[in-house]
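Take a look at the structure below.
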């Protein structure tokens, strides 16, 4: 069984903060879902495990550093 979790925080006058445990669903999908659930479009911060490791992500790592 795979359990995915994330925490959505609403920061007064700043927007939505998304904390992910494991972003296996995709960090963009996770943020979009948080925006959908909360009705808040402004994203202040996203933090967590994005799993940019291994051969499939080799080209994506350097541009994100």
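We did not get these values from a lab; they are worked out from the coordinates using the rules stated. In this text the structure is predicted, and so the values were computed from the model without any measurement. A quick note on method: Cβ atoms are made from the backbone with ideal geometry, for glycine too, and the neighbour counts reach across all protein chains shown.
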Cα-projected label distance for residue 45 with residue 58, points at 7 Å along beta-carbon direction, nm: 3.4
Which of 19, 37 has the fewest Cβ neighbours within 10 Å, and the rest in rising order: 37, 19
Fewest to most neighbouring Cβ within 10 Å: what's the order for 28, 40? 28, 40
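Kindly put 47, 17 in sequence by how many other C-beta atoms sit within 10 Å of each C-beta, fewest to most. Present the calculation step by step, with values, prior to reporting the outcome.
Values: 47 10, 17 16.
By the 10 Å Cβ count, ascending: 47, 17.
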